[in-house]
2 protein chains.
Amino acid sequence: MEPATIFPVVKAVHELDYLFKPRSIAIIGASQKELSIGNVIVKNLLHYGYTGSIYPINPKMDEIRGVKAYATIFDVPDEIDLAHVIVPSKFVPGVIEDCGKKGIRAVIINSAGFSEMGEEGIALQNEFLANAKKYGIRIFGPNCQGIINTDPEYKAYCDFTFTFPKPGNISIVALSGGVGAFIMQSLFDLDIGMRMYASNGNACDVSISDVIKYYGADDETKAIILYTEGLSNPNEFMEVAKEVTKKKPILAMKSGRTEEGAKAAASHTGSLAGVDISTELIFEKTGIVSFNNEEELCQVAMAFATQPFPRGNRVGIITNTGGPAVIATDELVSAGLVLPALSEKAKNILQETMLPEASIGNPIDVVATGGGKHFRSAMDVLMDEEGIDSIYINFVTAPFTDTDEVARNIVAVSQLRKKPIVCNFMTNMSLDRFKETARILKEGGVPCYSFPTTAAKALGALYRYSKTRSRAIGEAQDFNDVDKKKAEVIIKQAKREGKQFLSADRVYELLAAYGVPVANWWLANDVHEAINAAEGIGYPVVIKGESESLIHKSDMGGVAINLKNADEVRSAIEKMKASISVPNLRFLVQKFLAGGKELISGVSIKPGLGHLVMFGLGGIYVEVLKDVVFKIAPVTELEAREMLASIKATKLLDGVRGEKGINKESVIDIIQRVSKLVTDFPQIVEMDLNPIIAINDMVYVVDARIKID
Amino acid sequence: MEPATIFPVVKAVHELDYLFKPRSIAIIGASQKELSIGNVIVKNLLHYGYTGSIYPINPKMDEIRGVKAYATIFDVPDEIDLAHVIVPSKFVPGVIEDCGKKGIRAVIINSAGFSEMGEEGIALQNEFLANAKKYGIRIFGPNCQGIINTDPEYKAYCDFTFTFPKPGNISIVALSGGVGAFIMQSLFDLDIGMRMYASNGNACDVSISDVIKYYGADDETKAIILYTEGLSNPNEFMEVAKEVTKKKPILAMKSGRTEEGAKAAASHTGSLAGVDISTELIFEKTGIVSFNNEEELCQVAMAFATQPFPRGNRVGIITNTGGPAVIATDELVSAGLVLPALSEKAKNILQETMLPEASIGNPIDVVATGGGKHFRSAMDVLMDEEGIDSIYINFVTAPFTDTDEVARNIVAVSQLRKKPIVCNFMTNMSLDRFKETARILKEGGVPCYSFPTTAAKALGALYRYSKTRSRAIGEAQDFNDVDKKKAEVIIKQAKREGKQFLSADRVYELLAAYGVPVANWWLANDVHEAINAAEGIGYPVVIKGESESLIHKSDMGGVAINLKNADEVRSAIEKMKASISVPNLRFLVQKFLAGGKELISGVSIKPGLGHLVMFGLGGIYVEVLKDVVFKIAPVTELEAREMLASIKATKLLDGVRGEKGINKESVIDIIQRVSKLVTDFPQIVEMDLNPIIAINDMVYVVDARIKID
């Protein structure tokens, strides 16, 4: 084949267009050897019908698979948009330099032998990256599969995989080529089209975030599938994902969620995988629909490819068989959907149109003998029903029914795209008559599943996306009343003094500067001062021994609670002095708050991401039940509210057994102020507010620890 | 076709052999009308190649689908083992009478119009049942699909469904024909053979338990799939299931697990469905492997059809691609499996046999270029490895590999049946070369999945069964020290007095008779008696007002705690007398146990099943966190032990924050004694021991309520 010389009309407008919409491709390291990557890529481009020009580069060959080969890229008479590089790693920096000279704008490096191989590989990678930067080349890979664009205008199969998808509107990006390939294969098996595909291996330049941003801007991509084992630049990712999910759904799976899984992940890629919750939190914060079962993700994608999103959680079921409706109901309800009763108007219509043995309710059972017109009427009724947002259909192909007619009616209603429809289509596909029924449904864009639970999960996922899209997470509050100057002084001072942990008085001052309420306190140097402080604060008080070198106060007898008068204060301090021999022992005097609820909050830092803010119930709840929740800072008011609502023992906050509930608004305020503090001062690497006591409508921090870096 | 006159050699030995292994079948109500049930059944028997004689019965026809028809069963010249009845319900009692006279031993009533239709239908059902009993006929149905036996000796397709399974070793029993049919279809689609099938509709005679017992005794059935929406005779079911699961696995799904699902179930069947936990508890007690996703159940069945069961939870992974191993690891670990490190011996062998770029560990990554001999060596090593019980394989068909050779090696090792193997086989089946690879694996009996999570779930399920089979649940203890006589007197007396709730003194006496420790108590008639009792018991005490009409004591000021001396006792009693105006107010004096842990236990009754025994942590744990667990009585020691271990806050029982743990053995003893008490006295319909206080190594019931019927 001679290279085509007529380029597609559309000029590249986005930097990554050179990668995803190349008008010409050089394969540097093309080979005549069957099954070698340098051969398979040429074969795939040809087989898939790439519309641009193919330039195999090989100094020893005249042609590869019938396509004229060139000794070097400089011999190619045309411009080259994209180059595949399949040469040993040590030659790659030089090749990239050449690519720059030739004016190539995008390079897919399929070769391995870089950052995944340790020091030497990293050095090579840095070397070619520098060359790429010099010439403004975007690098995809190295150690990667490549990209695929099914757009009939390009048909760019720049990959050595072996699945040839039909065009569609789902785009895939996967860290692992192995997983990416089987997701692509699975969409293919499910007869779902694909738009674009990208698996970027070491991802030294073009990142998953870049690809998602590109897919986000691509009008033909209706939904994005993401597989990852960790995120190397979480902030960049969040920035991008937040914007993209406003426009279209991202369905994502992150593996390595168990300790062992993370170990397996770390051993096969250089990514930042680890057993942490931050990826899940990022998905939540940015509105990504997350999965931990890749089969479910692929199945669900079928519904995302064709269906509109439901406005709410109210589903109507149409069925022509009993049991599967029971199974579907279980799963739909588990996914947060509800089955409202039908309106009188709807029931009256159905009374007229259904068979006498039909069951008129939700589910509507049109019974096995119900035909196209019965399904149609049930669908019409649900489409018109104010109180229904989506439709679930069980369709078993009873032998005595004109199943094609049923299918045509489902398609007709589905194509109105008024409300989402999913169909559990139970049939025997080895029978020709039902194959035809399946074809009608499929070509009509009805997402068909073989199991009621699977179909119900798909509808559940559509609902999850619509819910996440309408969740007004808002912006973090700005809090004009915080004293940032004072906080800065405290932190700088501690830093200057070389302290890792702030002293108790500084901790309380810092919290107070940010409007976080702390129990009244005084740091006393001696007994007299302590008694004075206690009188001022009001008995009973608690006294804590305070010194640079005291970390676990209660373990060392450094805490005395419920001191009711001067004598008790004196005796407590004397005991402390006797038992604790540290220099400069001082005494923190605080109001003793008996009763009340113990809460905790805290902050930890995740490299590359920022702070995670934690909230939970204190004491045994955190110790035994691990009843805490996390959000990524900055935490908005809505998120703080969600934190209170999402701990397991949330009911305790409202009061049980006749107790009064706590002042939740105060807690919501504290969480946001803590978030503001650590967002303003990234130097804070750890913070524990433990306990926070909620008592009589008041909420105070009673003990706290702050670590800076 | 002329009816065959040569019967199979094997004579029926089991009553249900007439149903599942009929040598001749009459279709009463056979019809020439295409798609009618009376026609489809004849068609299916012919199509599937039924080896016995077919006798269509229709007074107006000479033949049905080429088979000679008879006017009545009495005109049939042969014996008839099984009859299908497809006549209007009102004629059924008469038909059954005729069947009896003809000597037919099993009847499948496909007709509807019986118990599912209310009063009139129930009457009809009772009528034909009486006739059946008279003649010793077993009735299958009515309102049902029927049975299928794929055994080549019978090929009995006595059903109007449209899936024609190949012979295999999985047998299915389903309450819902719709669900049964799609499970059968799903096994067919997965190319898993099936042994027998039964969907018994109203199940007026042959029950799910009967069928499971039959499958249990059938040597060719290796695993049983059960779908139900509830159990009409739970005790019979438990009896059967307990025995069968010792021999072979039962994989079960019960739908109607949400309130809405149960409503949907109730509307389409006359079963005992309800939102309850008892079916799950029955599954647990009898060793059934339960699922709540029918797609997963069917997928998993593939592994049960061919693989041995693992001896333990230690899995070795072999992979030729990274990402899918990460995903698999996550799921395997979630399922309770572990990935042990390999022995030095194993690693030494692999060092020799693997490619240099392979990763030697667990997972063993043979890398994409690894071929048959690399897979083989990895498998051999894991098969020989002491510390490995099962093998998980990721096999992606890399284009540069002889995938058939890999497949042949997997098959060779798998056929040793030494340890179970599951395979995640990632390929493109539209390519002929990989179709052949798939064929080799499939015909070799290797369970192949398209997703790593799905394959991992299958291995997880094999492990669940092996774990459940080796769980020595034991028998409930007999407790020779209980005073059954005394308990009987107390209960009879209360019954005679027409009481629903036992009085406090009787409650404590009853518990004491069964060795359940209760806090020291005295029921006093007046202040003096109360003070005497308090002195005897020892201060501090708690006093509770006691009268027939007092149920919620604390709400009415009927409880005074922590009374430290006679004065406090006097004043408390005077207050009670003043505030509570009920006749015969008496005063229960008990030791006041401050501190300690509040536990609760209780009992409720489930009609048809017996008692459920509950255990949990008291107070807010039960109120807010619902941290309780249930078991079906009689509870064995192992089960009682599991109850303590399976509450969420189980760590609290061991003591946290330096506290001492509670005396668990005492609690385990109490649970078993409670179980023994209600098992001995089914008249007890409700019991609450709330709280039970565990303090200083002692455990006492402090308050209790017992309701009898």
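Using a simple charge model, +1 on the beta-carbon of Lys and Arg, -1 on the beta-carbon of Asp and Glu, nothing else, what dipole does the protein assembly as shown show about its Cα centre, in debye to the nearest 20? Could you put the intermediate results ahead of the total?
Working: 154 positive and 176 negative charges, 29 e Å.
With Lys and Arg at +1 and Asp and Glu at -1, about 140 debye.
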- Between copies, how close do the A:Asn235 label points come, placed 7 Å along Cα→Cβ, listed in nm from shortest? 6.9
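Quantify how strongly other chains surround peptide B:180-187 by giving the mean number of their Cβ atoms within 10 Å of each of its Cβ atoms. Write out the running numbers ahead of the final one.
Values: counts 1, 7, 14, 2, 1, 7, 3, 0.
Across B:180-187, the average partner-chain Cβ count within 10 Å equals 4.
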- Cα-based Rg and Dmax for the stretch B:284-354, in Å, come out at 15.6, 48
- Where a ≥ b ≥ c are root eigenvalues of the Cα gyration tensor, a/c under 1.5 meaning rounded, otherwise prolate if a/b exceeds b/c and oblate otherwise, the stretch B:308-470 counts as oblate
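In the stretch B:432-507, what GluC sites (Glu not before Pro) fall in a loop by DSSP, with at most 13 other Cβ atoms inside 10 Å? Working shown, then result.
Numbers: sites: B:Glu436, B:Glu443, B:Glu475, B:Glu488, B:Glu497; in loops: B:Glu475, B:Glu497.
Those that pass, being in a loop and sparsely packed, are B:Glu475, B:Glu497.
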- Pair B:Gln415, A:Ala472: separation of 7 Å Cα→Cβ label points (nm): 6.8
- Can you list the lysines whose alpha carbon is less than 28 Å from that of A:Lys134, not counting same-chain residues fewer than 8 positions off? A:Lys11, A:Lys21, A:Lys90, A:Lys101, A:Lys102, A:Lys213
- How high is the relative contact order of chain A, in percent, with contacts defined as C-alpha pairs under 8 Å that are six or more residues apart? 8
- Query: Considering amide H positions built from the backbone, and no H for Pro or chain starts, which residues 5 or more places from A:Ser53, or on another chain, come under 5 Å of its amide H?
  - Reply: A:Ser24, A:Ile25
- Once the dipole of the stretch A:1-157 is set up from charges on Cβ (+1 Lys and Arg, -1 Asp and Glu), the residue from the list A:Leu46, A:Ala112, A:Met61 lying farthest towards its positive end is A:Leu46
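Arranged by the count of other C-beta atoms within 10 angstrom, fewest first, what order do B:Met184, A:Met429, B:Met576 take?
Values: B:Met184 27, A:Met429 15, B:Met576 21.
Least crowded to most crowded, the residues run A:Met429, B:Met576, B:Met184.
By the gyration tensor of its Cα atoms, with a ≥ b ≥ c the square roots of the eigenvalues, what is the shape of the stretch B:94-183: rounded for a/c under 1.5, prolate for a/b over b/c, or oblate?
Numbers: a/c = 2.98, a/b = 1.50, b/c = 1.98.
Here the stretch B:94-183 falls in the oblate category.
Can you give the average number of partner chain beta-carbon atoms within 10 Å of each beta-carbon in peptide A:646-652, as a whole number? Could you put the intermediate results ahead of the total?
Details: counts 0, 0, 5, 5, 1, 4, 4.
Shielding by partners across A:646-652 averages 3.
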- Message: Taking a point 7 Å out from Cα toward Cβ as the label site, list the nm distances between A:Gly658 and the same residue in every other copy, smallest first.
- Response: 3.4
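Taking a ≥ b ≥ c as the square roots of the Cα gyration tensor eigenvalues, with a/c under 1.5 meaning rounded and otherwise prolate when a/b beats b/c, else oblate, which class fits chain B? Don't skip to the end; give the middle numbers.
Values: a/c = 3.20, a/b = 1.37, b/c = 2.33.
Oblate.
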- Given Cα pairs under 8 Å that are at least 6 residues apart, what percent is the relative contact order of the stretch B:611-709? 24
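Compute the projected area of the convex hull of the Cα atoms of the stretch A:493-549, averaged over all viewing directions, and report it in nm² to one decimal place.
Working: hull surface 18.8 nm².
Across all orientations, the stretch A:493-549 yields a mean hull projection of 4.7 nm².
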- Item | For the stretch B:112-129 versus the stretch A:62-100, the gap between their alpha-carbon centres in whole angstrom | 82
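Taking the number of other C-beta atoms within 10 Å as the exposure measure, put A:Thr437, B:Thr401 in order starting with the fewest.
B:Thr401, A:Thr437
Counting only DSSP beta bridges with both residues in the stretch A:308-470, what percent are antiparallel, rounded to the nearest 5? If you can, show how the numbers build up before the last one.
Details: 1 of 17 bridges.
Of all bridge pairs located within the stretch A:308-470, approximately 5 percent are antiparallel.
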- Query: R0 = 41 Å: FRET efficiency of B:Met698 with A:Glu280, Cβ-based, nearest 0.05?
  - Reply: 0.35
- Task: Starting from a label point 7 Å past Cα on the Cβ side, list the distances from A:Ile561 to the same position in the other copies, nm, shortest first.
- Result: 1.7
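Over all directions, the average projected area of the alpha-carbon convex hull for the stretch B:79-119 comes to how many nm²? Intermediate results must be reported in sequence, preceding the final value.
Values: hull surface 11.6 nm².
Projected area, direction-averaged: 2.9 nm².
Restricting everything to alpha-carbon atoms, can you work out Rg to Rh for the stretch A:1-157 with a Kirkwood hydrodynamic radius? Let's see the in-between values first.
On the way: Rg = 14.5 Å, Rh = 15.4 Å.
My calculation puts Rg/Rh at 0.94.
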- Task: Determine which aspartates and glutamates satisfy two conditions relative to A:Lys577: a Cα distance under 17 Å, and not lying fewer than 8 residues away in the same chain.
- Result: A:Asp526, A:Glu529, A:Glu546, A:Glu548, A:Asp555, A:Asp567, A:Glu568
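For the protein assembly as shown, how big is the tail of P(r) above 56 Å, as a whole percent of Cα pairs?
Working: 344453 of 1004653 pairs.
Looking at the protein assembly as shown, the distances longer than 56 Å represent 34 percent of pairs.
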- Task: Evaluate 2.2 N^0.38 Å with N set to the residue count of the stretch B:623-707, then give the Cα radius of gyration divided by it.
- Result: 1.12
- Hey, fewest Cβ within 10 Å first, where do A:Ser466, B:Ser176, A:Ser343 land in order? A:Ser343, A:Ser466, B:Ser176
- Query: Over the Cα atoms of the stretch A:574-684, how large are the radius of gyration and the largest Cα-Cα distance (Dmax), in Å?
  - Reply: 17.2, 50
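Between A:Lys166 and B:Arg311, what's the calculated FRET efficiency when r is the beta-carbon distance and R0 is 60 Å? Round to 0.05.
Numbers: r = 47 Å, r/R0 = 0.78.
Working from the Cβ atoms, E equals 0.80.
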- Hey, quick one: spin label on A:Ala217, modelled 7 Å out along Cα-Cβ, who in the stretch A:162-200 has an amide N within reach, i.e. under 18 Å? A:171-173, A:196-198
- Query: Based on the Cβ-Cβ distance of B:Gln351 and A:Lys485, what FRET efficiency does E = 1/(1 + (r/R0)^6) give at R0 = 56 Å, to the nearest 0.05?
  - Reply: 0.30
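Per-residue mean of other chain beta-carbon atoms within 10 angstrom of the beta-carbon, peptide A:333-343? Can you show the working numbers first?
On the way: counts 6, 5, 0, 0, 1, 1, 5, 0, 0, 0, 0.
Per residue, the number of nearby Cβ atoms from other chains is 2 on average.
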- Message: So if each residue of separation counts as 0.36 nm, and I subtract the Cα-Cα distance between B:Gln500 and B:Met383, what length gain in nm does that give?
- Response: 35.8 nm
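We did not get these values from a lab; they are worked out from the coordinates using the rules stated. Remember, predicted model here, so these are calculated numbers, not experimental data. Please note: Cβ atoms are built from the backbone with ideal geometry, for glycine as well, and neighbour counts cover all protein chains shown.
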